[in-house]
Amino acid sequence: MNYQETLDYLFGMTPAFEKIGGEAYKPGLGNIEKLLDALEIREKGSSDLGFRCVHVGGTNGKGSVSHLLAAVLQESGYKTGLYTSPHLVDYRERMRINGQMISENWVVDFVEKHKSLIEDIRPSFFELTTAMCFSWFKEQGVDVGVIEVGLGGRLDSTNVILPDLSVITNIGMDHEEYLGDTLEKIASEKAGIIKQNTPVVVGEWDIETYRVFESKAEEMGSRLRYASKENFADLDCELRGIYQVKNKQTARCAIDELRRLGYQISEQSERNGFLHVCSLTGLRGRWDEVHVRGRRVIMDTGHNSHGIRTYISELEKIDGLRVVFGMVKDKDVDVVVGMLPSGARYYWCSAQTKRAVSSEDMLLLGDRDGLKGKSYSSVKEAVEAALEESDEGDTIFIGGSNYVVGEAMEKVKELQKKYFP
């Protein structure tokens, strides 16, 4: 198989949550345990993968915090693995070592070598990708892996590791059908990554979640720190957007805790990691700003009310704003549309996934709330229309879903090549 044939096999053989939603969700650690044992990534029953780990969970911001930690560790001289999800354009974005994606050949070889095992265990797409990543990290001899939780925590496939540090960014209403319909229930699931005698850093909290974190940390005998209660000087950072202030605070608290655990991280390495986080790790899609034909284009992967609320105030300040927007069905779509700024022009769209809300339904919700716009059959068509109808100096914001941003990135890249070959 070549690389594309291998991807087709992966998406066809192993159900992917990103593609089909809840049908692909396999709670529990049985499959990942079988994979890790069969692949001899660890000794049977052991949590030792052969490299140190930092585990990062939470509702929003866990990707940004994971990339910040990876960048700082990388700048500190550690061979650093980074496992995140979902990808925006290329499947290999999920797995990086010192910022470099896993090679196409490695993915192909892994799948071909273990085809019979895959077809015997029938793991989910995320379970198999997690096992592939851990296998690659071990083979390549990483010093430390920064591992982002996929969904939840307690039953997430990544929760087979014994990390040096657990980090929980915040708790918001998301994936309620799997994690629970209250902040307390969701916090209980996400607090499942807190391990025995393992320190934990929590970014944001409220009355409901505070009790959960305190109880779980006490039960596990784990030192608990709240980043929002501590003072760290702000650092210049390549991540833009006012909402990154809290993510930076969480990351700085986690870095301070890693120092207490014996990690050798200088202040200069920390500054360099923050200042060059995107170029060091390949992070995209967080208030990601580019220019096309004199138009400012901002792309952001915030995809629920908790995440989108963090940048609404910034959007409201922008004159000449056009918004390309689409969401998926298992998010709080009604709430999000009601939050969007009324002064913008909207280009409602639907990404290429079964989970997407149709552009026509997005238009109806927008009309309900007095938002002016049209629906488009694809993300790329919506991006083209926004660019054609805008004036030089206007701003085009693209968001609502990882999938919308991922498809838009491909179109924007195509247009940049067209106008700036």
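Take the residues in region 329-371 that are in contact with a Lys or Arg (Cβ under 6 Å, 6 or more places away or on another chain) and at pLDDT 95 or above, then tell me which one is nearest to residue 398 (Cα to Cα).
Once the filter is applied, the top-ranked residue is 345.
Looking at region 119-129 only, could you name the residues that are touching a residue at least 40 places away in the same chain (Cβ under 8 Å) and surrounded by fewer than 20 Cβ atoms within 10 Å (Cβ to Cβ)?
Passing the criteria: 119, 121, 122.
Select from region 177-215 the residues that are part of a loop (DSSP other than H, G, I, E, B) and not β-branched (Val, Ile, Thr) and list them in ascending order.
180, 181, 195, 196, 197, 199, 203, 204, 205, 206 - these are the residues of region 177-215 that are part of a loop (DSSP other than H, G, I, E, B) and not β-branched (Val, Ile, Thr).
Just wondering, is there one or more residues in region 357-377 that are within 23 Å of the chain's Cα centre (by Cα) and either of a type outside the set (S, T, N, Q) or in a helix (DSSP H, G or I) (or both)?
Yes, because at least one residue in region 357-377 is within 23 Å of the chain's Cα centre (by Cα) and either of a type outside the set (S, T, N, Q) or in a helix (DSSP H, G or I) (or both).
Scan region 89-111 and report the pairs whose first residue is in contact (Cβ under 8 Å) with a residue 60 or more places away in the chain and buried (at least 19 other Cβ atoms within 10 Å of the Cβ) and whose second residue is outside any helix (DSSP H, G or I) and not small (Gly, Ala, Ser), with Cβ atoms within less than 6 Å and a gap of 6+ or a chain change.
Filtered contacts from region 89-111: 93/87; 96/82.
Within region 368-381, work out how many residues are more than 16 Å from residue 405 (Cβ to Cβ) and surrounded by 14 or more Cβ atoms within 10 Å (Cβ to Cβ).
Residues meeting the conditions: 4.
Looking only at region 163-170, decide whether some residue is in contact with a strand residue (DSSP E or B) (Cβ under 7 Å, 6 or more places away or on another chain) and free of Cβ contacts under 8 Å to residues at least 40 places away in the same chain.
no
Among the residues of region 291-313, write down those that are in a strand (DSSP E or B), within 14 Å of residue 64 (Cα to Cα) and either of a type in the set (Val, Ile, Thr) or modelled with pLDDT under 90 (or both).
Residues satisfying the conditions do not exist here.
In this structure, does residue 301 turn out to be more than 30 Å from residue 394 (Cβ to Cβ), among the β-branched types (Val, Ile, Thr) and buried (at least 16 other Cβ atoms within 10 Å of the Cβ)?
Spelling it out, it is not the case that residue 301 is more than 30 Å from residue 394 (Cβ to Cβ), among the β-branched types (Val, Ile, Thr) and buried (at least 16 other Cβ atoms within 10 Å of the Cβ).
Filter region 378-409 down to residues that are assigned to a helix (DSSP H, G or I), in contact (Cβ under 8 Å) with a residue 60 or more places away in the chain and not aliphatic (A, V, I, L, M), then give me how many there are.
Residues in region 378-409 being assigned to a helix (DSSP H, G or I), in contact (Cβ under 8 Å) with a residue 60 or more places away in the chain and not aliphatic (A, V, I, L, M): 4 in total.
Considering each of 141, 150, 192 in turn, give the residue that is crowded, with 21+ Cβ neighbours inside 10 Å and in contact (Cβ under 8 Å) with a residue 40 or more places away in the chain.
So the residue among 141, 150, 192 that is crowded, with 21+ Cβ neighbours inside 10 Å and in contact (Cβ under 8 Å) with a residue 40 or more places away in the chain is 150.
For region 259-271, how many residues meet the condition of being under 14 Å from residue 74 (Cα atoms) and more than 22 Å from the chain's Cα centre (by Cα)?
8
The values are calculated or read from the model by the stated rules, or taken from the named source; none is laboratory data. All figures in this text were calculated on a predicted structure; none of them were measured in a lab. Using ideal geometry, Cβ is built from the backbone for each residue, glycine included, and neighbour counts are taken over all protein chains shown.
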